[in-house]
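Asker: Mind having a look at this structure? Questions to follow.
The values are calculated or read from the model by the stated rules, or taken from the named source; none is laboratory data. What you are looking at is a predicted structure, and each value in this text was computed from that prediction instead of being measured. Note: ideal-geometry Cβ built from the backbone for every residue, glycine included; neighbour counts use all protein chains shown.
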Amino acid sequence: MTKTLKVERRTRQTVQMNKPLVTKNLLKEGKFLPIVITPNSEEVDLFKWASKSREELNAFLLKHGGILFRGFKVEGIRDFHTFIREIAGDLLEYKDHATPRSAVKNQIYTSTDFDSDQWIELHNEMAYSNEWPMKIFFYCNIAAVSGGETPIADSRRIYQKIDPQIRKKFEDKQVMYVRNLGLTLGMKWQDVFQTELKEEVEEICRQNAMDCIWKTDDHLRIEQIRPAITDHPVTGAPLWFNQITAFNLTTLNKEIREEILRQYDVQDVPKNSFYGDGTEIEPEVLEHIRKVYEEETVMFSWQEGDILMLDNMLTAHGRSPYTGNRRTLVGMTETCSWNK
């Protein structure tokens, strides 16, 4: 007797590979900066994903100079602080500051307290100081009604496009940043150094290669000579890394500038930049630098919840004027120094 075998038919099932959690694109065609990362689902947890993707994100940052995280659930200062810690570690205190900022909470600060009608020129954060943050994060808590962008530019491309003769002059002379603190205009030395003791101020200056001169009991003049050009500590790329134009008196509009010069000598204005030997930087040089920044600037409108992560040495940033109740917060990590 022949035994009949039953053959079980199995239908072929399509195996669906896991979809990537995020999408990565360049913000604008033809612009390498920034790369934009968006979630492919509302369920993507930014903090868990970022924590697992630290190496990949650091590689993107070194390549592009900036990453814009858009479309994730980021609800307030606590989430912003958590995100920074997840991918970049402990946050830094904002010391030796040259621009007014307000502390918000846990080393999170307002990006700037300058009036809304003022343009803040592109610069690398704290390039005038002996120490600066390697990474800087911006968070759009409240978007402006109009304007209020954070313009950015690639410091590698800026270096490449600056006239070689101008580069050479700054390589030879460096740049001197001058601040006069305690005037009726500008910042107070007590706020900059976070102390009421002159002895502590003098010690901080000594440790950080800053010349300090007490013009009066309340008027402190600080001179800092720093490189205007340096190499990135990881990639070795040459960078235009400074605040030459943002520090210079000419960053102010003509009316304000003329009023300040009616009150003070050019050496005694609240903030200014010079060649390292103390001579004035020629107007045509400042104009050339600003033109290069303008050619390389990338702008985008903030959306509430956006986080912008920058390599502070690879990427300069600024702020455009705005209307409305703009609130952009900032956090910084990873100290680098001219001594290292």
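Asker: Taking into account only those residues within the range 32-58 that are of a type in the set (D, E, K, R) and part of a loop (DSSP other than H, G, I, E, B), which is nearest to Ala237 (Cα to Cα)?
Answerer: Of everything passing the filter in the range 32-58, Asp45 is nearest to Ala237 (Cα to Cα).
Asker: Quick one: which of Tyr94, Tyr109 is closer than 30 Å to Gln190 by Cα, modelled with pLDDT of 90 or more and either among the hydroxyl-bearing types (Ser, Thr, Tyr) or in contact with a Cys (Cβ under 6 Å, 6 or more places away or on another chain) (or both)?
Answerer: Only one candidate qualifies: Tyr109.
Asker: Now, a different point. Take the residues of the range 121-179 that are within 22 Å of Asn248 (Cβ to Cβ) and among the small types (Gly, Ala, Ser): which is surrounded by the most Cβ atoms within 10 Å (Cβ to Cβ)?
Answerer: Of everything passing the filter in the range 121-179, Ser155 is surrounded by the most Cβ atoms within 10 Å (Cβ to Cβ).
Asker: Quick check on the range 254-268. Is at least one of its residues touching a helix residue (DSSP H, G or I) at 6+ places or on another chain (Cβ under 8 Å), at pLDDT 95 or above, buried (at least 16 other Cβ atoms within 10 Å of the Cβ) and in a helix (DSSP H, G or I)?
Answerer: No, because not a single residue in the range 254-268 is touching a helix residue (DSSP H, G or I) at 6+ places or on another chain (Cβ under 8 Å), at pLDDT 95 or above, buried (at least 16 other Cβ atoms within 10 Å of the Cβ) and in a helix (DSSP H, G or I).
Asker: Same structure again: With closer than 19 Å to Ala246 by Cα, out of contact with any His (no Cβ under 8 Å at 6 or more places or on another chain) and aliphatic (A, V, I, L, M) as the only criterion, which of Ile142, Ile77, Ile120 stands out?
Answerer: After applying the criteria, what remains is Ile120.
Asker: Tally up the residues in the range 180-190 that are surrounded by 18 or more Cβ atoms within 10 Å (Cβ to Cβ) and over 14 Å from Asp96 (Cβ atoms), please.
Answerer: Within the range 180-190, residues that are surrounded by 18 or more Cβ atoms within 10 Å (Cβ to Cβ) and over 14 Å from Asp96 (Cβ atoms) number 3.
Asker: Where in the range 174-246 are there strands (runs of 3 or more DSSP E), lying fully within it, with 3 or more residues that are modelled with pLDDT of 95 or more and under 21 Å from Ile120 (Cβ atoms)?
Answerer: Hits in the range 174-246: 175-181, 220-226.
Asker: For Asn272, state whether it is in contact with a Phe, Trp or Tyr (Cβ under 7 Å, 6 or more places away or on another chain) and not aliphatic (A, V, I, L, M).
Answerer: yes
Asker: Let me ask something else. Please specify each residue of the range 59-91 satisfying the condition of being touching a strand residue (DSSP E or B) at 6+ places or on another chain (Cβ under 9 Å), of a type in the set (A, V, I, L, M, F, W, C) and closer than 30 Å to Pro238 by Cβ.
Answerer: Pass one, the range 59-91, residues touching a strand residue (DSSP E or B) at 6+ places or on another chain (Cβ under 9 Å): 60-74, 76-81, 83-85, 87-91.
Remaining after also requiring of a type in the set (A, V, I, L, M, F, W, C): 60-62, 67-69, 72, 74, 77, 80, 83-84, 87-88, 91.
Phe60, Leu61, Leu62, Ile67, Leu68, Phe69, Ile84, Ile87, Ala88, Leu91, listed by residue number.
Asker: Testing Ile225 on (1) under 26 Å from Lys291 (Cβ atoms); (2) touching a residue at least 60 places away in the same chain (Cβ under 8 Å), one condition comes back false. Which one is that?
Answerer: (2)
Asker: So in the range 285-325, with the set limited to residues that are in a loop (DSSP other than H, G, I, E, B) and among the hydroxyl-bearing types (Ser, Thr, Tyr), which one is farthest from Lys31 (Cα to Cα)?
Answerer: Once the filter is applied, the top-ranked residue is Ser320.
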